[in-house]
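Undergrad: Quick one: the structure is below, questions incoming.
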Amino acid sequence: MELETKRMYYDRILRIMTHELRNSITPIISLSEDMKQREYSRDDNREAIEVINEQCTSIKTFLDGYYELTNLPKPEMKETDAKPLLQHIERLYPDQGICIECAQELKLLCDEGQIKQLLINLVKNAIEAVGTEKMKDLKKEGIPSVMITASAPDGKPRISVSDKGPGIPADKREDIFLPFYTSKAGGSGIGLALSRQIMNLHKGSLTCSGNESGGAVFILQF
């Protein structure tokens, strides 16, 4: 069963990669065929080269993302104070309606740089999910758009990032962690896969659920 599950997982990744690469390469093939069949003016040539360059850059970005995902360094585990770490994330997004709650003296055994990268990704996604207009409305009412909570209810540190966005359908809450899966225009589909990989390397987990307000909740369990 485990082998079959892994096979299905990698089959899905391969299909997504094939789809993305085909989407980027097809316009290059079409354009180059057209350039072979008719004479282009200098301006047309420049425009065609720009299109090819953009598509090749897109492919490189896509492959760089995959390389980063599969070549994460082993985390350098150190005892880290949770509250200053979360305050650092909060300061990166001033006036974005972020609120943090952290249990006093909570310690994390983690690679601080990797966990910061993970939290930045989650907070950025949460802010985008809420949207500028709703964020303004929530701010007027004094309601945080994004809430970061850190505690250790069973002795194990846990951080949750919740938002007031539209939420994620239950049947998509595992798909979003697949490499290259994205519902956002121009999204790479790497961020959440990378975030989960970071937690896997920390011998922890990253999961997604819904909250009462209809938004999404991402939970880091150490």
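Undergrad: Of the accessible area of the chain, with the probe set at 1.4 angstrom, what percent is carbon plus sulfur?
TA: Working: 7160 of 13650 Å².
Answer for the chain is 52 percent, counting heavy atoms of protein chains only.
Undergrad: So how far apart, in nm, are the two label points at Thr18 and Glu47 if each is 7 Å from Cα heading toward Cβ?
TA: Modelled inter-label distance: 3.4 nm.
Undergrad: May I ask you to order 33-39, 53-59 by the average number of other C-beta atoms within 10 Å around their residues, highest value first? Display every interim value, and only then the final one.
TA: Numbers: 33-39: 9.1, 53-59: 14.0.
With the highest mean Cβ count within 10 Å placed first, the list reads 53-59, 33-39.
Undergrad: Modelling each spin label as a point 7 Å along the Cα-to-Cβ direction, I'd like the Lys136/Asn71 distance in nm, to one decimal.
TA: Those two pseudo-labels are separated by 4.4 nm.
Undergrad: Over the C-alpha atoms of the chain, what are the Rg and the largest Cα-to-Cα span, Dmax, in Å?
TA: 21.1, 71
Undergrad: Tally Lys and Arg at +1 and Asp and Glu at -1 over the other residues with C-beta under 14 Å from the C-beta of Gln87: what net charge comes out?
TA: On the way: positive: Lys83, Arg91, Lys116; negative: Asp81, Glu90, Glu101, Glu112.
Residues close to Gln87 contribute a combined charge of -1.
Undergrad: Size of the dipole of the chain about the Cα centre, Lys and Arg at +1 and Asp and Glu at -1 on the beta carbon, nothing else charged, in debye to 20? Walk me through the intermediate numbers first.
TA: On the way: 29 positive and 33 negative charges, 70 e Å.
Taking the Cα centre of the chain as origin, the dipole is about 340 debye.
Undergrad: Considering only C-alpha atoms, what is the centroid distance from region 64-98 to region 143-222, in Å?
TA: Centre-to-centre distance over Cα atoms comes out at 14 Å.
Undergrad: Follow-up question, since we're still on this one. Tilt of helix 112-130 relative to the longest C-alpha principal axis of the chain, in degrees (0 to 90, nearest 10)?
TA: 80
Undergrad: Which angle from 0 to 90°, rounded to the nearest 10, does the C-alpha axis of helix 2-37 make with the longest principal axis of the chain?
TA: Rounded to the nearest ten degrees, it is 40.
Undergrad: Using the heavy atoms of the protein chains alone and a 1.4 angstrom probe, what is the accessible area of the chain per residue in square angstrom? Let's see the in-between values first.
TA: Numbers: 13650 Å² over 222 residues.
Normalised by residue count, the accessible surface of the chain is 61 Å².
Undergrad: Estimate the FRET efficiency between Lys60 and Gln37 by the formula 1/(1 + (r/R0)^6), using the beta-carbon distance for r and 22 Å for R0, to the nearest 0.05.
TA: Details: r = 28 Å, r/R0 = 1.26.
Computed FRET efficiency for Lys60 and Gln37: 0.20.
Undergrad: Beyond 16 Å, what percent of the Cα pairs of region 10-78 remain?
TA: Details: 1428 of 2346 pairs.
Counting pairs separated by more than 16 Å, the tail of P(r) holds 61 percent.
Undergrad: If you don't mind, another one. What is the angle, in °, between the Cα long axis of helix 82-92 and the longest principal axis of the Cα atoms in the chain? Nearest 10 is fine, range 0 to 90.
TA: Value to nearest ten degrees: 40.
Undergrad: Mind scanning Lys136/Lys203; Lys60/Lys140; Lys74/Lys136; Lys78/Lys124; Lys172/Lys203; Lys78/Lys136 and naming the pairs with a C-alpha gap bigger than 31 Å? Working shown, then result.
TA: Working: Lys136/Lys203 38 Å; Lys60/Lys140 43 Å; Lys74/Lys136 40 Å; Lys78/Lys124 25 Å; Lys172/Lys203 24 Å; Lys78/Lys136 38 Å.
Result: Lys136/Lys203; Lys60/Lys140; Lys74/Lys136; Lys78/Lys136 exceed 31 Å.
The values are calculated or read from the model by the stated rules, or taken from the named source; none is laboratory data. Quick caveat: nothing in here was measured; it's all calculated off a predicted structure. Methodologically, a virtual Cβ is constructed for each residue, glycine included, from the backbone with ideal geometry; neighbour enumeration extends over all protein chains shown. Side chains included, ligands, DNA and RNA excluded: accessible areas come from the protein's heavy atoms. Shrake-Rupley method; radii C 1.70, N 1.55, O 1.52, S 1.80 Å.
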